Amino acid sequence: MQYKKIVFSEWLKIRKSKLWLFLISLVGLPVGYGVYIQTQVVMGIYQYEEENTWLMLLMMVLLFYGTIFLPNIVSLITGTLVNFEKQANDWGHLFLAPIKRGDLYVGKWVWMCLLVVATQVFMIGAIIASGNVFQFQHDLPILLFIGVFILGSLGAISLGSFLFYLFLRIPSNRTVFTINLLCSIPVFFIFSNATNSMLPYFYPWALPVIGMTYASSSNAHLIVYIFFCVALTAVFSILSKRHLKQFEGVPS
């Protein structure tokens, strides 16, 4: 399959980029903050260990990771993948070769998914490693962490599919990064929302943190969440592939 060659060629570009350093830093900051607050303030100053310490640490991390950092990590990943061709003004040259726009999109989309999953794995791994270093006494809620990983990744991938289209449509990457940053700020208030409303489920930037917190609270919430994530991914994947059609056979 042609897209397999595209996936490999994307790897050759990604491995030489500074994306990895940014991902490690942007995951490490909220995890480090959560660990500090949990161990030095909650457990240290207030000596509070009645609740499950793993769950408390997870919530401390998600307070900033899920609301502000993860949406911007997804934006950074998607923008980097699109920017490889945008910087070189190379879309037209790509389609002069026998490459289908669908295969190109799938190749980049696969890497977006892999990098999102890797980010989530690193976040979960950092939390577990930190808890073991500080010798948390409570049992690790494995099923909860698995749910956070799967549903959070699903929300981040659907957001990435949406952002991929924005990066294609808007010439300036800085504009998209700015839009994404501003639109991720309200997610902090959605995270703090105590209501049981499903309205935030229709806000793309809120999907990652909703998946890691409220989506599994009931079957109805879970069904609506999965449906909207799949629909958002499908719709904007189709739109992205259609937008790429304009470059076919057109030299840069």
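Things worth noting here:
- GNM flexibility winner over the chain from Cys229, Cys113, Cys183 (Cα, springs under 10 Å): Cys183
- Ordering of 119-131, 164-176 by packing [mean C-beta count within 10 Å, highest first]: 119-131, 164-176
- In this rough spin-label picture, where each label sits 7 Å from Cα along the Cβ direction, the Gln246-Ala234 distance is 2.6 nm.
- Kirkwood Rh and Cα Rg combined as Rg/Rh, the stretch 1-79: 1.21
- Here Tyr36 and Ala118 are evaluated by their C-beta separation; at R0 = 22 Å the FRET efficiency comes out at 0.35.
- Computed E for Gln135/Leu29 - FRET, C-beta separation, R0 22 angstrom, nearest 0.05: 0.40
- Values of log10 I(q)/I(0), in the order q = 0.11, 0.17 Å⁻¹, for the chain under a Debye, Cα-only, solvent-free model: -0.61, -1.26
- All alpha carbon pair distances within the stretch 127-186 were sorted into 10 Å bins beginning at 0; the resulting P(r) in whole percents reads 18, 31, 23, 21, 8, 0.
- The dipole here belongs to the chain: it is taken about the Cα centre, uses +1 on the Cβ of Lys and Arg and -1 on the Cβ of Asp and Glu, and is about 1260 debye.
- Between Ser172 and Ala220, the modelled label-to-label distance comes to 4.4 nm, taking each label 7 Å out from Cα in the direction of the beta carbon.
- For the chain, the number of Lys pairs separated by eight or more positions or lying on different chains, with C-alpha atoms closer than 21 Å, is 29.
- The percentage of C-alpha pairs in the stretch 138-252 whose separation is greater than 26 Å is 28%.
- Calculated FRET efficiency for the pair Met59/Met198, C-beta based, R₀ 22 Å, to 0.05: 0.55
- Magnitude of the charge dipole, the stretch 108-252, Cβ model with Lys/Arg +1 and Asp/Glu -1, debye to 20: 540
- Most positive-pole-ward Cα, Phe236, Leu181, Ala206, against dipole of the chain from beta carbon charges: Phe236
We did not get these values from a lab; they are worked out from the coordinates using the rules stated. Keep in mind it's a predicted model, so treat the numbers as computed, not measured. Note that each Cβ is placed from the backbone with ideal geometry, even for glycine, and that neighbours are counted across all protein chains shown.
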